[in-house]
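The values are calculated or read from the model by the stated rules, or taken from the named source; none is laboratory data. All figures in this text were calculated on a predicted structure; none of them were measured in a lab. Here the Cβ is made from the backbone with ideal geometry for all residues, glycine too, and neighbour counts use every protein chain on show. These accessible areas exclude ligands, DNA and RNA; they are computed on the full protein's heavy atoms, side chains included. Shrake-Rupley method; radii C 1.70, N 1.55, O 1.52, S 1.80 Å.
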Amino acid sequence: MTTDPSTPEKGTENGTANGAADGTGDGSAGGTGTALDAVALARYVDHTLLKPEATRADVDALVAEGIRLGVYAVCVSPSFLPLEVPVGLDGEPDLLVATVCGFPSGKHHSDVKAAEAARAVRDGAAEVDMVIDVGAAKAGRFADVAADIAAVRAAAPAPTVLKVIIESAALSDDEIVAVCEAAEASGADYVKTSTGFHPAGGASVHAVRLMARTVGGRLGVKASGGVRTAQDAVAMIDAGATRLGLSGTAAVLGGLTADAGY
C-alpha cells in the first residue's frame, strides 16, 4: 500500500509534511542531515516523464522502471491517463500516479485548469501538479494566484494531493514567500519549485529552504528541475524538500549508492 504521511492532515497538530513521502524522514523543516541509501531516497521520488515527444511505450517503460526502483509515484502528461499500474498483494497500487495541470506555462484560464484537473482525477490521478500564472505573481497579483489555486483545489478535492508549481527561479524571495502563502491559504498540499521547462532554471537549495521555512511543515515541498545527481538530491532534502521530481531517477539513485557519506 502506498500512503503519504508527509502531507499533514489539515487541522492536526501531529501531521508533518517533512520527511520522505512514506514518512521515513526526520520531520525537520531544515532537512534531514542524515545518511540516505538508495531505497530510502527512492521513497521521495516522483519518477517523471513530461517530454512532448513521449510515447505510450515510453510511459509503460517509466512505470516498469519506477516499480523496479521503488519510487513513490510516476508523473506523466494527462493525455496518458488512465495509466495501468500493477497492484500489490494488499490490493493497492505499487506506486501512485501523478499528472500535471496548466503545464508548462500556467497561462490558462482557471476554469480550464480546473476542468483539466477534474478530468485527471476521473482518469485515475492521485496527485495533480498545477502551474501558477507566474506573470500574476510577478505583477504582485497574489489574490489572483490564490484564486487560481483554489479553483483547481475545488475541482480536485482531497484526498487528491495538489502540488503548486511556482517557478521559483523566476521569482524574487518575497514573491516566493507570497506565492507559498497563497498556496497554503488555497488548500494546496505541496509547493513545488519548477516545471523543468522554464528558461530561468529549476530547483535551488536556496529556494527550497525558503519555501520550507515559509510553509513550516504544514505543506510538503517538492524540488523539481535540474536535480540530476545524488549530491543534488540530498542537498534538496537537507534544505527541506519532502518530495523530488526526477527524470533521471536511476542515475541519481545509482550515484547515491556509490557516493559514500550521503
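Some values worked out for this structure:
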item: Leading residue by the ranking (nearest to Val74 (Cα to Cα)) among those in the range 110-150 that are in a loop (DSSP other than H, G, I, E, B) and free of Cβ contacts under 8 Å to residues at least 40 places away in the same chain; result: Asp133
item: Options Ala29, Ala54; residue that is modelled with pLDDT of 95 or more, touching a strand residue (DSSP E or B) at 6+ places or on another chain (Cβ under 9 Å) and part of a loop (DSSP other than H, G, I, E, B); result: Ala54
item: Some residue of the range 170-187 being within 13 Å of the chain's Cα centre (by Cα), modelled with pLDDT of 95 or more and buried (at least 24 other Cβ atoms within 10 Å of the Cβ); result: no
item: Selected residue [under 18 Å from Ala114 (Cβ atoms) and of a type in the set (Gly, Ala, Ser)] from Ala169, Ala136; result: Ala136
item: Residue check, Arg153 of a type outside the set (Phe, Trp, Tyr), assigned to a helix (DSSP H, G or I), more than 13 Å from the chain's Cα centre (by Cα) and under 19 Å from Ala125 (Cβ atoms); result: yes
item: Some residue of the range 135-158 being touching a strand residue (DSSP E or B) at 6+ places or on another chain (Cβ under 7 Å), farther than 20 Å from Thr195 by Cα and open to solvent by 10 Å² or more (accessible area, probe 1.4 Å); result: no
item: Test for Ser194: is it open to solvent by 10 Å² or more (accessible area, probe 1.4 Å), of a type in the set (Ser, Thr, Tyr) and at pLDDT 95 or above; result: no
item: Leading residue by the ranking (farthest from Tyr44 (Cα to Cα)) among those in the range 167-177 that are part of a loop (DSSP other than H, G, I, E, B) and of a type outside the set (A, V, I, L, M); result: Ser172
item: Residues of the range 73-109 classified as touching a residue at least 40 places away in the same chain (Cβ under 8 Å), more than 18 Å from the chain's Cα centre (by Cα), crowded, with 18+ Cβ neighbours inside 10 Å and not in a strand (DSSP E or B), total; result: 1
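Residues are listed down the side, and each one gets a yes or a no for (1) within 19 Å of Tyr44 (Cα to Cα); (2) hydrophobic (A, V, I, L, M, F, W, C):
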residue	(1), (2)
Ala146	no, yes
Ala155	no, yes
Thr160	yes, no
Ile165	yes, yes
Val179	no, yes
Asp189	yes, no
Gly201	no, no
Ala207	yes, yes
